[in-house]
Amino acid sequence: MDIEVLYEPRPDWGRGRPVLEVRGALGVWCQSKHGVLVLCSDLPVHVDGSGLTARGVGHIRSGERKYCALIHAENSPALIPALRAVAQGKVERSSQWWQRWAARCTYQDPHRGAVVRSALALKLMAYAPSGAVIAAPTTSLPEKLGGVRNWDYRYCWLRDASFTPRSLLSLGYGEEASAFFDWMLQVSLTARMVTTGSRVV
């Protein structure tokens, strides 16, 4: 299949007009007052005439791997790791972690594979640091392109989100369910304190 990489960094909330610089094996660099943003890719990437956009196009065959990394560094000099070795190691560690997580599913049935796939989708909808569960994977996308509802109003609907920890708990994932309820209690307490003007001393 054909793949395309489009790199158009706009630092400082789009106010900055960075000039991209190709540095060979070290990637395409974008300097800003907040540091450097570097794109490294196995695909050949070229900067257009404006100096604001870089593009790479390539073809990938079955079983072949191509790597692409976006690296941010605030301090100078920026250290850019070797793309393939680091990326491959991260992909393998991530794959092993998800395989171990899926293997913990306590559901045993001829349809176990489909249930595990569904559990993985639910797990991906949870924010690990807090335990919050998003309302839908499409959160933050406009309800209708060009419409009026372009804000993030689907972050977490408590009623709907409560079905996620309930499902995960029934599959043996108590840690995820507990994290959601801890988050919900924390949010509820914070909201109550804000509305009543209370504060914790």
Inset, instruction - Could you rank the peptides 32-45, 94-107 by their average count of other C-beta atoms within 10 Å per residue, with the highest value first? - result: 32-45, 94-107
Legend entry - Sorted peptide list for 108-115, 119-126, criterion being average Cβ within 10 angstrom, highest first: 119-126, 108-115
Legend entry - CD proxy at 222 nm, helix term only [per DSSP H run n ≥ 4: -39500 (n - 2.57); per residue of the chain; nearest 500]: -11000 deg cm²/dmol
Inset, instruction - Please work out which option in (1) 1, 7, 14, 19, 17, 14, 11, 7, 5, 2, 1, 0; (2) 1, 6, 9, 10, 8, 7, 6, 5, 4, 3, 3, 3, 3, 3, 3, 3, 3, 3, 2, 2, 2, 2, 2, 2, 2, 1, 0, 0; (3) 1, 6, 10, 11, 11, 13, 14, 14, 10, 6, 3, 1, 0 gives P(r) over Cα pairs in 5 Å bins from 0, in percent calculated from these coordinates, and answer with its label. - result: (3)
Legend entry - Computed over region 2-86: relative contact order in percent, which uses C-alpha pairs under 8 Å that are six or more apart: 30 percent
Legend entry - Value of relative contact order over region 106-196, rounded to a whole percent, pairs C-alpha under 8 Å and six or more apart: 26 percent
Legend entry - Percentage relative contact order, the chain, counting C-alpha pairs under 8 Å, at least six apart: 13 percent
Legend entry - Protection-proxy order for peptides 64-72, 178-186, each taking the mean of Cβ atoms within 10 Å per residue, highest first: 178-186, 64-72
Legend entry - Anchor Lys123: lysines whose Cα lies under 23 Å away (excluding residues fewer than 8 positions away in-chain): Lys90
Legend entry - Spin-label zone in region 20-54 - amide nitrogen under 17 Å from a point set 7 Å from the Cα of Asn75 along the C-beta vector: 34-37
Inset, instruction - Report the label-to-label distance for Val19 and Ala82 in nanometres (one decimal), using points 7 Å from each Cα along the Cα→Cβ vector. - result: 3.3 nm
Legend entry - Between region 104-137 and region 45-99, the Cα center-to-center distance that results, in Å: 28 Å
Legend entry - Projected label distance in nm at Tyr155 and Ser130, using a 7 Å step from Cα toward the beta-carbon: 0.5 nm
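Values quoted throughout were computed directly from the atomic coordinates according to the rules given, and no laboratory measurement underlies them. Predicted model, so just to flag it, every value in this text is computed and none were measured. All Cβ positions, glycine included, derive from the backbone under ideal geometry; neighbour counts span all protein chains shown.
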